[in-house]
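Worksheet: the structure to be examined is printed underneath.
The values are calculated or read from the model by the stated rules, or taken from the named source; none is laboratory data. Only a predicted model underlies this, so the values are computations on that prediction, with no experimental measurement involved. Cβ atoms come from the backbone with ideal geometry, glycine included; neighbour counts cover every protein chain shown. SASA here: full protein model, heavy atoms, side chains in, ligands and nucleic acids out. Shrake-Rupley method; radii C 1.70, N 1.55, O 1.52, S 1.80 Å.
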Amino acid sequence: MRTTLTKILLFIVTVVLLSSCNTIKRVQDNEYLLKKNAIYVNDKKINNEDVESQIIQQPNTTILGYPFRLNLYNLANLKSDSTYTAWLDRKEKRRERLNRFLSKKQVKRLGESFIVSGINKLLIENGEAPVIIDDSKAKKTTTRLRAYYFNEGYFNARSSFEVIPTKQERRANINYYVKTGNPYFVDSLDTDIASKALDSLYNLHRDNSFVKEGQQFKTKDFEAEQSRLTGIFRNSGVYTFQQSSIGFTVAWDTISGDYKMPVTLNIRNLQRRTPDSVIEIPYRVHKVSKVNIYTDKTFSSQNEPYIDSTTYNGYSIYSKEKLRFRPKALTNAVFITPGDIYRDSDRLLTYKHFSDLRNFKYPNIQYQYADSTQTDLIANIVLTPRKRFSLGFDLDLSHSNIQDFGVSGGVSLISRNIFRGAETLEVSLRGTLGSANDLAESDDRFFNISEIGGDIKLNFPRIFLPFNTEKIVPKYMSPNTNITVGTSIQENIGLDKQNFTTVLRYNWSPSKFKKNAFELMNIEFVNNKNTENYFNVYRNSFQDLNGIARDVGFIGSTETLAIPDQANSFLAQAIQAGNPLGLSSQQAQQANAIDERKTRLTDNNLIFASNFTYTRNNKENLLDNSFSQFRTKIELAGNVLSTISNAFGLERNANDKFEIFEVEYSQYVKTELDYIKHWSLSKNDVLAFRSFIGLAIPYGNSDNIPFSRSYFSGGANDNRAWQAYKLGPGSSVSTNEFNEANFKLALNLEYRFDIFGSLKGAFFADAGNIWNVFDNVETPAAKFEGFKDLQELALGTGFGVRYDFDFFVFRLDMGFKTYDPSLTTGNRWFKDYNFANTVLNIGINYPF
């Protein structure tokens, strides 16, 4: 499959390269294909994205210098209809025979079919026509450049262009030249504000003006000042203020030669049109005298009267039925305060918080004057509740290395306003039936493995604690509390784990870009029911153990240890003090490693942890391709249980560890740092970078980190030249099914670009590895012992294609092992750098 796919990709690329290598096939003799633009400002070449955006004609897009979309376009036959007609008439009676065989109508449709014209249409739509230099567009560009520098304060700027043919046939560059002249400056700033209320507000905030005396004239500063003042006025009680009331008068003087201009800020009164004339109304500060909350307005009940009402903290609450919400739950989401001045920001926060409650559809907030004086306002908040209960279903088909075929299904029920405080309760059940043919005890059933599970999630739209936290976490931070209890039970999957989890999590957002999450309690209990199945699941460990047994004569050279009794018995003897089996030092070390791993993976786990996560993401919206994200997390586990164990004088077991419910609880500290940065290189090209470092240190009651909290390397979202769990630790040549450790470093760099339409491409480089540190693993190759071990960072490079379905991105990446630390020194670079050893990764959405 992989070889076939590779051959197909190579064939497609070769056809495109060979068939369309002449990029100027559609460029006439008297025309030039645009290769490059350059801008020279005052005889100095500049690279400024804002200035370059003024250029109308841009060269054809390229992928690493290759004009793929142009050559795709050149493959098309622009006259496919005439070509088809010529083919019909090329041989005598061909048209006549086809008409008899198909009919005239069908012969005509054949010419319009996908095979004849559809392929050409596809090539034209997804290709890119050659950009032929157009003098008229170049002249328009010079006009735009003059306008740009005019808005930067260079009122005497001049611009021109020059077409410079290259050494290649019918290709040319364009140089644009700008002479800016001297800039103009703001000489003085006066004000002419009609409203006394606005004049007072302006003087309070004048020092933060974007337009300052002695500053170079820039149009964007005047626009920013308009927006700043509009925000100040509309958040200081001026309900009716319009930005169009703000203007600037500039005394233009381009003759005196001092390049200084007096500026006057003009703020007019509100202009209101009547049937006969336009009247001026002075702006003034408005106060919200009353806030009404209507809780249950729907289309079917819009004519019904409100029969229940109450007041709470100055708010009036109305309902057409018996009020289902506690008043405080509603007023907590309202930032418009009776008796306070009008603010736009209060309205926006109220919109957001009611939407976050998940109990109402998007609210409608309207203002009206309280009386004919038009001084005070009444705020009416109209809410449309969602249905009290909602039911959801999902179905999924799957395939993995554990199951040949699987069917997963789930059902979830959401109950809203469960305690009349706008809480939401979600109960979900899920189940999987699968088929696996390699079970040790297979039977005739097709579906012979299964997993069932369920979760109960309760959300409170506030910090749920026995004391008031509003001074610590104000309500504008959207605080909420999540309590989750879940379980899953496996049968004939691995060790048939039973998993129980309980999480108490607090979330709040101090600002638009910052989020905090504090898990006061994160409890996980893992019960391995079928530990006797270990060697059936972890076959590589069994093969290593079986090889030792053969080498020392415990079984014959062609025999196999019986699972579980004989395999467990041999392993127990192999690690026994005194070495009764006479193992070599290497065999003894290997047997101990097998036993350590078996013990760690079969022992039950009890994790009682708390953690805090801080995230900062300055991405403005979904279309923002230049942003950064920083995430840090710290987790402590086992300290509460350790305190209890010591306080109550619990006895230690044979391993000198405390047990709770006959399970050694885990104790560790874990911290992570994750940084992501995206740079927008052009409209469609993005350079993405990610760095990650994570370290978990066991102490006290633990010698190692539980499997579920350890790190692995490789896979579709990590180092894509290795499969998940197949890289590391360190330089070890591990044959384990799942390789994990407690220290991880990862660096990823990816260049993303458009190919055509919704098809995207990427080139990537992934570096990283995992190591064991400060735990009980003794294998030297797996341990991190200093900066010298950074030479064990694996490097994978490759390329990928992605298809954007709008609501998700399907991703296919091919990774090549560029530097493999598991190989001997001197043979690590490009040893397996070929298609035969490539790793194919399928993923959903971008990896970072």
List the residue ranges in the chain for DSSP H helices whose C-alpha atoms run 20 angstrom or more along the long axis and whose Kyte-Doolittle average is 1.6 or above. 2-19
Please report, in Å, the Rg and the Dmax of segment 131-288, where both are computed over Cα atoms only. 22.0, 73
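Once the Cβ-Cβ distance between S415 and W679 is put in as r, and R0 is 45 Å, what FRET efficiency do you end up with, to the nearest 0.05? It would help to have the intermediate numbers written out before the result.
On the way: r = 45 Å, r/R0 = 1.01.
So the FRET efficiency works out to roughly 0.50.
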Sequence neighbours fewer than 8 away in the same chain don't count; with that in mind, list the aspartates and glutamates whose C-alpha is under 13 Å from K139. E162
Would you work out the Kirkwood radius for segment 213-329? I mean one over the mean of 1/r across all pairs of different Cα atoms, in Å. 19.3
Solvent-accessible area of L790, probe 1.4 Å, all protein chains present, reported in Å² to the nearest ten, please. 60
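Roll a 1.4 angstrom probe over the protein heavy atoms and tell me the percent of accessible area of the chain that is carbon or sulfur.
Values: 24750 of 45960 Å².
On the chain, the fraction of accessible area on carbon and sulfur atoms equals 54 percent.
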So in the chain, what percent of DSSP beta bridges are antiparallel if you round to the nearest 5? 85
Pairs of lysines in segment 199-356 (C-alpha under 27 Å apart; 8 or more residues apart or interchain): 19
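Between rounded, prolate and oblate, where does segment 766-810 land on the alpha carbon gyration tensor, with a ≥ b ≥ c its root eigenvalues, rounded for a/c under 1.5, else prolate if a/b exceeds b/c?
On the way: a/c = 4.82, a/b = 2.66, b/c = 1.81.
Taking the square roots of the gyration eigenvalues as a ≥ b ≥ c, segment 766-810 is prolate.
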Prolate/oblate/rounded label for segment 515-602 (Cα gyration tensor, a/c 1.5): prolate
Tell me, what ³J(HN,Hα) does each residue in segment 813-822 have, in order and in whole Hz, if you take phi through Karplus 6.51 cos²θ - 1.76 cosθ + 1.60 with θ = phi - 60° and put x for Gly and Pro? 10, 10, x, 10, 6, 8, 9, 10, x, 6
If you wrap the chain's Cα atoms in a convex hull and average its projection over all directions, what's the area in nm²? 56.7
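Rounded to two decimals, what is the ratio between the C-alpha radius of gyration of segment 777-848 and 2.2 N^0.38 Å? Mind showing how you got there, number by number?
Working: Rg = 16.2 Å, N = 72, 2.2 N^0.38 = 11.2 Å.
Rg over 2.2 N^0.38 Å, computed on Cα atoms: 1.45.
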Taking a ≥ b ≥ c as the square roots of the eigenvalues of the Cα gyration tensor of segment 133-219, is the shape rounded (a/c under 1.5), prolate (a/b larger than b/c) or oblate? prolate
Using a cut-off of 24 Å between alpha-carbon atoms, which lysines can reach K137, once sequence neighbours fewer than 8 places away in the same chain are excluded? K25, K35, K36, K44, K45, K167, K179, K683
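When the solvent-accessible surface of protein heavy atoms is calculated with a 1.4 angstrom probe, in what order do K677, K726, K36, K657 fall, highest first? Walk me through the intermediate numbers first.
Details: K677 45, K726 85, K36 105, K657 20 Å².
Correct descending sequence by accessible area is K36, K726, K677, K657.
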What lysines sit close enough to K633 to cross-link, taking a C-alpha to C-alpha distance under 25 Å and skipping anything fewer than 8 places away on the same chain? K457, K471, K475, K512, K514, K515, K619, K670, K677, K744, K783
Projected onto their principal axes, the Cα atoms of segment 604-726 stretch, largest extent first, over whole-Å spans of 66, 31, 18
May I ask you to compute the full-extension gain from N516 to I555, defined as 0.36 nm times their residue separation minus their alpha-carbon distance, rounded to one decimal in nm? 8.2 nm
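If you restrict to DSSP beta bridges whose two residues both lie in segment 293-395, what percentage is antiparallel, to the nearest 5? Write out the running numbers ahead of the final one.
Values: 12 of 16 bridges.
In segment 293-395, DSSP labels about 75 percent of beta bridges as antiparallel.
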To the nearest Å², the heavy-atom accessible area per residue of the chain with 1.4 Å probe amounts to 54
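Output the antiparallel fraction of DSSP beta bridges having both residues in segment 747-809, as a percent to the nearest 5.
Values: 20 of 21 bridges.
Beta bridges within segment 747-809, antiparallel portion: roughly 95 percent.
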